[in-house]
Amino acid sequence: MSYELVDKPTYEVVGPLERFDERDNVFARERLIPGSPEERAYHVMHPELVEVDRRLAAFIEGKADVQSQEEDWMGAAFYSATFGPVAALAQPDMVDGPVSPQQVEGEPAEMARRVEKLARYLGADLVRIGPLNPAWVYSHRGRRPFFEGYRANPPLFHGIPDGYRDLKWGAPIEIPHQYAISMAFAQDDSMMRTTPSPVSDLEVGQVYARSALASVQLARYIRALGYSARAHHLRNYGVLVVPVAVDAGLGELARSGYLITKELGLNFRLACVTTDLPMALDRPVDLGVQDFCQKCLKCAENCPPRAIPTGEKVVVRGVRKWKLDEVKCLLYWRHIGWACAICQVVCPWSKPHTLFHRFVAEIAIRVPAARRFLVWADDLVYGANFEPRPEPEWVK
Ligand code: SF4
Ligand code: SF4
């Protein structure tokens, strides 16, 4: 609907945008081995984080309390089956590679149409194409695509192979592409509503595996057309995929720190391909999410460690937004032994894509005065407090 399309994204830029250093990511920090050169170098830069990072690292080292103490062979097997291959798809010659010297010419609109059709065929549920703002490119590498000695790693992965270009900790990242193709991959609602559990982890891992393969395939397709292209997925991001997706018009930044889309709510995972293939661009959208999230606190009130803010937005690297406390979130995950996705499934926007829910989404977008009522109605119909569903029989 054209009235949803806007000229600029709905996040508020209030100062110069600063690039994010991936070394500051909590998933990177928890894997800093105490006493290693990387750990020492990082904590010289950030002495204030020494204590909390030790708490994070203690879970990786197996020295901290995990609620599910018993060995869970099923969860470990699910993890290996789904997340394991994503690491293989993160190798540099998977996400990137040589470009065909023969360049296929085409109108930008036609190229965009072809790319979108192929991305959907490869498994993406939503596809939008936007500009790549250089501010969303990570400044330095912080995460490894896998970590050594972890039992779920395929046997191939021990240490960082020689020539692992731009994947060494602390290496600067430069991505010169102008365009980004953002893709959303839906998660199964019934599997996710068991969260936090090995079953929701299985679904998350499977969706990440699909998204990794599709992004790698799409980048290869574009390179075969004669244009540079790089895939970005769970184990090898070079860009912040959420603001990139907002710029492309996939959805809006929400209170929970994730992206809300009109079609899937929060219940999906993202991947993207950056490229210099000229394509017609989609426009950002205004779905009313900024106002809706002001009136709805459901994710924050259901977040067990209270990691999602209930108050006002704050300025983060030049953008005013709600700021998730990633440390609280990750400590909770590690403490219970599974990833949590409660905020994704309780969001009133995360509903099956039925005619009725599409109609309700239209009201949420078009009728600001109805938003408080919709929040109240969601509590009434689905419950204000999240209750996990039982695991499906077939996984037992
Ligand atoms: S994933 Fe769970 S712990 Fe983390 S912010 Fe969402 S609800 Fe809170
Ligand atoms: S649960 Fe409510 S406040 Fe949280 S992201 Fe969804 S709409 Fe926004």
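In table form, for the structure just shown:
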{"item": "Test: residue in the stretch 299-308 that is within 14 Å of L253 (Cα to Cα), within 12 Å of ligand 2 (Cβ to nearest atom), touching a strand residue (DSSP E or B) at 6+ places or on another chain (Cβ under 9 Å) and open to solvent by less than 50 Å² (accessible area, probe 1.4 Å)", "result": "no"}
{"item": "Single unsatisfied condition, A339 versus (1) at pLDDT below 95; (2) of a type in the set (G, A, S); (3) open to solvent by 40 Å² or more (accessible area, probe 1.4 Å)", "result": "(3)"}
{"item": "Among residues of the stretch 85-102, those that are at pLDDT 85 or above and in a helix (DSSP H, G or I), counted", "result": "4"}
{"item": "Output for the stretch 353-395, where each listed residue is open to solvent by less than 60 Å² (accessible area, probe 1.4 Å), among the aliphatic types (A, V, I, L, M) and either under 28 Å from the mean Cα position of the chain (by Cα) or within 16 Å of ligand 1 (Cβ to nearest atom) (or both)", "result": "V360, A361, I363, A364, I365, L374, V375, A384, V395"}
{"item": "Residue within the stretch 219-226 that is in a loop (DSSP other than H, G, I, E, B) and more than 20 Å from W338 (Cβ to Cβ) present", "result": "yes"}
{"item": "Filtered residue count, the stretch 242-255, keeping only those that are out of contact with any Pro (no Cβ under 9 Å at 6 or more places or on another chain) and surrounded by fewer than 24 Cβ atoms within 10 Å (Cβ to Cβ)", "result": "1"}
{"item": "Filter pass, L331 being crowded, with 18+ Cβ neighbours inside 10 Å, within 30 Å of G62 (Cα to Cα) and either of a type in the set (V, I, T) or at pLDDT 95 or above (or both)", "result": "yes"}
{"item": "Yes/no for K295 being more than 14 Å from ligand 1 (Cβ to nearest atom), basic (K, R) and touching a helix residue (DSSP H, G or I) at 6+ places or on another chain (Cβ under 9 Å)", "result": "yes"}
{"item": "Pairs, first small (G, A, S) in the stretch 304-333, second at pLDDT 95 or above and part of a helix (DSSP H, G or I), C-beta under 6 Å, six or more apart", "result": "A307/K328; A307/C329"}
{"item": "Matching residues in the stretch 194-226 - criterion: being of a type in the set (G, A, S) and open to solvent by 30 Å² or more (accessible area, probe 1.4 Å)", "result": "A224"}
{"item": "Residue within the stretch 281-292 that is closer than 15 Å to W349 by Cα, under 18 Å from the mean Cα position of the chain (by Cα), of a type in the set (D, E, K, R) and open to solvent by 20 Å² or more (accessible area, probe 1.4 Å) present", "result": "no"}
{"item": "Among (1) at pLDDT 90 or above; (2) assigned to a loop (DSSP other than H, G, I, E, B), the one test that R143 misses", "result": "(1)"}
{"item": "Residue count for the stretch 26-58, restricted to those that are charged (D, E, K, R) and under 23 Å from the mean Cα position of the chain (by Cα)", "result": "4"}
{"item": "Residues that are within 10 Å of ligand 2 (Cβ to nearest atom) and open to solvent by less than 30 Å² (accessible area, probe 1.4 Å), drawn from the stretch 310-326", "result": "W322"}
{"item": "Residue within the stretch 25-37 that is more than 30 Å from A229 (Cβ to Cβ), in contact with an Asp or Glu (Cβ under 7 Å, 6 or more places away or on another chain) and hydrophobic (A, V, I, L, M, F, W, C) present", "result": "yes"}
{"item": "Residues satisfying the stated conditions in the stretch 14-49, i.e. over 17 Å from E61 (Cβ atoms), touching a residue at least 60 places away in the same chain (Cβ under 8 Å) and open to solvent by less than 80 Å² (accessible area, probe 1.4 Å)", "result": "V14, G15, L17, F20, D21, E22, R23, D24, N25, A41"}
{"item": "Top-ranked residue in the stretch 11-38 [being of a type in the set (D, E, K, R) and over 20 Å from I173 (Cβ atoms); ranked as modelled with the lowest pLDDT]", "result": "E30"}
{"item": "Members of the stretch 211-238 found to be within 14 Å of the chain's Cα centre (by Cα) and not aliphatic (A, V, I, L, M), listed by number", "result": "S211, S215, H232, H233, R235, N236, Y237, G238"}
{"item": "Residue count for the stretch 313-340, restricted to those that are more than 9 Å from ligand 1 (Cβ to nearest atom) and assigned to a loop (DSSP other than H, G, I, E, B)", "result": "7"}
{"item": "Every residue from the stretch 175-193 that is open to solvent by 10 Å² or more (accessible area, probe 1.4 Å) and either in a helix (DSSP H, G or I) or over 29 Å from P284 (Cα atoms) (or both)", "result": "D189, S190, M191, R193"}
{"item": "Of all residues in the stretch 1-12 being open to solvent by less than 80 Å² (accessible area, probe 1.4 Å) and among the hydrophobic types (A, V, I, L, M, F, W, C), the one that is farthest from R366 (Cα to Cα)", "result": "V6"}
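The values are calculated or read from the model by the stated rules, or taken from the named source; none is laboratory data. None of these values were measured; they are calculated from a predicted model. All Cβ positions, even for glycine, are placed from backbone atoms using ideal geometry, and neighbour counts span all protein chains on display. Just the protein is used for accessible areas: all its heavy atoms, side chains included, with ligands, DNA and RNA removed. Shrake-Rupley method; radii C 1.70, N 1.55, O 1.52, S 1.80 Å.
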